[in-house]
1. Answer with yes or no whether Val285 is surrounded by 14 or more Cβ atoms within 10 Å (Cβ to Cβ), assigned to a strand (DSSP E or B) and in contact with a Gly (Cβ under 6 Å, 6 or more places away or on another chain).
2. Evaluate the following for Glu214: is it farther than 28 Å from Lys151 by Cα, of a type in the set (Asp, Glu) and over 24 Å from the mean Cα position of the chain (by Cα)?
3. Looking only at the stretch 229-285, which residues are among the basic types (Lys, Arg) and either more than 23 Å from the chain's Cα centre (by Cα) or more than 24 Å from Cys217 (Cβ to Cβ) (or both)?
4. List every residue pair whose Cβ atoms sit under 9 Å apart, with the two residues 6 or more apart in sequence or on different chains, where the first one lies in the stretch 131-144 and is crowded, with 23+ Cβ neighbours inside 10 Å and the second, anywhere, is of a type in the set (Val, Ile, Thr) and outside any loop (DSSP other than H, G, I, E, B).
5. Across the stretch 145-174, what is the number of residues that are polar (S, T, N, Q) and surrounded by fewer than 20 Cβ atoms within 10 Å (Cβ to Cβ)?
6. Return the residues of the stretch 207-226 that are farther than 17 Å from Leu163 by Cβ and surrounded by 13 or more Cβ atoms within 10 Å (Cβ to Cβ); say none if nothing qualifies.
7. Of everything in the stretch 181-206, what is over 20 Å from Lys236 (Cβ atoms) and buried (at least 16 other Cβ atoms within 10 Å of the Cβ)? Give them in sequence order.
Amino acid sequence: MWRSGRNVISPRYLWISPGCTWIALGCPWMIKHPLTATLIVLLTCLTQSLASSCGDAGLPLDNPKDGACGDMDIRNSVKNFRLLENCTVIEGSLHISLIDYVPQEEYDKYSFPLLREITGHLMMFRVFGLRTLRNLFPNLTAIRGQSKFFKDFALVAYEMRDLEELGLMGLTMVNGLVRLTKNHRLCHISTIDWASLAPSADPSKHLFVDNREEQLCPDFCHESCPSTTHQDISRKRCWSPKPHDCQRNLVCNCSNGRPCAPDGSCCHELCLGGCSGTTAADCYVCTHVVYNNECLSHSPFS
């Protein structure tokens, strides 16, 4: 059960506060579709207010200069992606939802290469026209899952009808389960080594349902991509067939599970997910604390 203020929402039953009763009255199908209903209630009732986040008018752009942003809720208009400008880490969760159809070219106007880390979860729901995340989040490295969606999930894509691939080539660490359901064009699920990407989760509990049939997908990888074995089946691992879209950090021979730099050298022990060199200042994401652009094992002020 998920609780916030006056609203108590269960995946099986819905109790809706008086201020949101119009949702249930206007949508009787919700009783037959509790998960979709719960998502819509979460996304309309449990944020600041519906009126303040509709459209793109009047949304303040006040992200801190250090790049540390709080919880982010991108919905209703593709123009609201501008709220992510300058974010290097989202200290919380990122929700992207309820955007009516616009062509992929409109999404391609926005790119956030500085964003490396989400400390909570990433949830996407009914973002129509979006075919891939590769341009939006080319360097997203870690989803820490410190707060999860429905208690267990760190990465969720649900009813993303136009999504063809995740395209998160920089992603090397997910702390939690993955749910990819009712994305009827989504491929390249079977080419990801989910056990390596989410080592803290039981691979059998990831939920991949009602996506594009695997036999209809171009699920092959470039010959340069590494291979791993799952359930006695060895196959190459990638996010797409393109040469530079191989899944990363699968062939690191570093102690204690440390990630690798692009040249194969081992990252510093305080790095999480990857690095550009071997020092504590070269980490993409820090395992513990970052101070003056360098990873530390503890706060210098403690």
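1. Working: surrounded by 14 or more Cβ atoms within 10 Å (Cβ to Cβ): yes; assigned to a strand (DSSP E or B): yes; in contact with a Gly (Cβ under 6 Å, 6 or more places away or on another chain): yes.
Yes; evaluated as a whole, the condition is true for this residue.
2. Numbers: farther than 28 Å from Lys151 by Cα: yes; of a type in the set (Asp, Glu): yes; over 24 Å from the mean Cα position of the chain (by Cα): no.
Here the answer is no, as Glu214 does not meet what is asked.
3. Going through the stretch 229-285, the residues among the basic types (Lys, Arg) turn out to be 235-237, 242, 248, 258.
The answer is Arg235, Arg258.
4. Close Cβ pairs (under 9 Å, with a partner that is of a type in the set (Val, Ile, Thr) and outside any loop (DSSP other than H, G, I, E, B)) amount to Leu140/Ile118; Thr141/Val285; Ala142/Ile118; Ala142/Val174; Ala142/Val285; Ile143/Ile118; Ile143/Val174.
5. Start the filter on the stretch 145-174 by keeping residues that are polar (S, T, N, Q), which leaves 146-147, 172.
Keeping just the survivors that are surrounded by fewer than 20 Cβ atoms within 10 Å (Cβ to Cβ) gives 146-147.
Going through the stretch 145-174 one residue at a time, the tally reaches 2.
6. Just the residues of the stretch 207-226 that are farther than 17 Å from Leu163 by Cβ, to begin with: 215, 220-226.
Residues satisfying the conditions are Phe220, Cys221, His222, Cys225, Pro226.
7. Residues satisfying the conditions are Thr181, Lys182, Asn183, Ala201.
Rundown of residues vs (1) outside the structural domain of Asp66 (by TED's automatic domain parsing); (2) modelled with pLDDT under 95; (3) under 20 Å from Phe137 (Cβ atoms); (4) of a type outside the set (S, T, N, Q), yes/no style:
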| site | (1), (2), (3), (4) |
| --- | --- |
| Thr229 | no, yes, no, no |
| Ser265 | yes, yes, no, no |
| Cys271 | yes, no, yes, yes |
| Cys283 | yes, no, yes, yes |
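The values are calculated or read from the model by the stated rules, or taken from the named source; none is laboratory data. Worth saying up front: this structure is predicted, and the values here are computed from it rather than measured. Please note: Cβ atoms are built from the backbone with ideal geometry, for glycine as well, and neighbour counts cover all protein chains shown.
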